[in-house]
2 protein chains.
Amino acid sequence: MKILGIDPGSRVTGYGIVNQNGNRLIHVDNGAIHTDCHKEFPLRLQKIYRALTEIIDEFRPDAVAVENIFFATNVQSALKLGQARGAAIVAGVNAGLPLFEYTALQVKQAVVGHGRASKDQVQKMIKVLLNLPEVAQEDASDALAVAVCHAHSAGLKDRLKAIR
Amino acid sequence: MKILGIDPGSRVTGYGIVNQNGNRLIHVDNGAIHTDCHKEFPLRLQKIYRALTEIIDEFRPDAVAVENIFFATNVQSALKLGQARGAAIVAGVNAGLPLFEYTALQVKQAVVGHGRASKDQVQKMIKVLLNLPEVAQEDASDALAVAVCHAHSAGLKDRLKAIR
C-alpha cells in the first residue's frame with residue numbers, strides 16, 4: 001500500500017510518499033511545494049492543488065494521510081492554514097483517494113513512541129525509520145511522519161482483522 | 001458580464017449570480033449548498049467544490065467574487081471556515097475564472113452605502129436592488145451582495161478607463 005502524507009501550509013506544503021510492504025516501510029519520495037508569497041492567495045491555493053494532483057498522478061498512492069489541526073497562533077494564521085488545507089484535501093478526494101486524519105499526538109506516538117516528542121526528534125526518527133540519506137526538509141519530514149502514522153495504524157487494523 | 005458571488009462556510013456555502021448589463025444588474029440565480037455535518041470533513045469540502053464546479057459549468061460566469069475574511073469567533077471556526085473557503089476558491093480558479101476578494105466593509109458600502117449596515121439591511125437592499133420576489137436565504141443573499149460589490153467595482157474601473 002502506497003501512502004501520501006501531506007503537511008499543508010500556505011507558504012510551504014510538505015509531501016511524503018511511503019510504500020508499506022508487510023511490516024516494511026519503504027521511502028518513495030518527499031518534497032516541499034513552495035508558493036510565491038508575492039502572488040495572490042487564490043493562485044497560491046491553486047498551486048498547492050495542482051502540485052498535489054500532479055504528485056498523485058505520478059505516484060498513484062492508495063491513500064492520503066493529513067495531520068488534523070486544532071491549534072494555530074491566531075485567527076489570521078488559522079484562516080490561511082485552513083485554506084491551504086482545504087485546497088490539499090480537495091486534491092486528494094477529487095482523485096478518488098480515501099483520506100485519513102491524525103492528530104499531532106498520534107503522529108508523534110507512531111513515529112517516536114511518545115506524544116511529547118520535539119520536531120527535531122520526529123525528523124531524526126523519520127530519517128532512521130525510512131533509511132533516508134539525510135534528514136528531510138522540515139515540512140516534507142512532517143508529511144512523511146503522518147504517512148508512517150497511517151501505515152502503522154492501517155497495519156494494526158489489518159492485524160486486528162486477521163485475529164478476528 | 002456574469003458574476004458568481006460566493007459566501008463560503010463549512011455548513012452552508014451561499015452562491016449568487018448576477019448579470020451586469022451596462023448599469024443594470026439582473027439577478028440570475030442564488031442558492032445555498034448544505035453539507036451534511038454527520039459526514040467526514042473532507043467529503044464536505046468535496047461537496048462544496050463539486051457543487052460550485054457544477055454551478056460554474058451551468059451558468060458560465062465571467063468572474064468570481066468572494067468576501068475576504070479577517071475575523072472568526074475562534075481558531076477552531078477559522079480553521080473550518082478557511083478550509084471551506086479554500087475548497088470554494090480552488091473551484092473558481094480551476095475553472096480558469098478570475099477571482100476577486102472584497103472586505104465586508106466594501107460589500108456593505110457597495111450594497112447599502114455605508115460600512116456599518118446590519119445583515120438584515122444588506123438582505124433587504126439585495127432584494128430591492130435585484131428585484132427579488134422575496135428576501136433571499138441569508139448566505140445566498142451575502143453571496144449576491146459580494147457579486148453586486150464586484151459589479152459596482154468593475155463598473156467603476158471601466159468608467160475610470162473610459163475617462164482616461
With the 8 Å Cα cutoff and a minimum separation of six or more residues, the range B:32-164 has a relative contact order in percent of 24 percent
Inter-copy distances for B:Gly22, nm, shortest first, label points 7 Å along Cα→Cβ, are 7.8
With Rh as the Kirkwood radius over Cα pairs, the range B:2-163 has Rg/Rh of 0.96
Note on the range B:5-76: alpha-carbon gyration tensor, axes a ≥ b ≥ c; rule is a/c under 1.5 for rounded, else prolate if a/b larger than b/c, else oblate; result oblate
Among A:Lys47/A:Lys80; A:Lys47/B:Lys47; B:Lys39/B:Lys119; A:Lys80/A:Lys119, the pairs whose Cα-Cα distance exceeds 24 Å are B:Lys39/B:Lys119
Sparse-neighbourhood loop hits (GluC sites (Glu not before Pro), the range B:47-149; DSSP loop; Cβ within 10 Å at most 12 others) -> B:Glu134
PRE zone check, label point 7 Å out along Cα-to-Cβ of B:His114, amide N under 17 Å, scope the range B:125-147, hits B:125
Candidate cut points under trypsin sites (Lys or Arg not before Pro) in the range A:17-51, DSSP loop plus at most 11 other Cβ atoms within 10 Å of their own Cβ, are A:Lys39
In the range B:38-112, the chymotrypsin sites (Phe, Trp or Tyr not before Pro) that sit in a DSSP loop and have at most 12 other Cβ atoms within 10 Å of their own Cβ are B:Phe70, B:Phe71
Expressed to one decimal in nm², the mean projection of the alpha carbon convex hull of the protein assembly as shown is 19.2 nm²
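Only the coordinates and a few stated rules stand behind these numbers; no lab work does. In this text, all values refer to a predicted model and were calculated from it rather than measured experimentally. Positions of Cβ are backbone-derived with ideal geometry, glycine not excepted, and every protein chain shown enters the neighbour counts.
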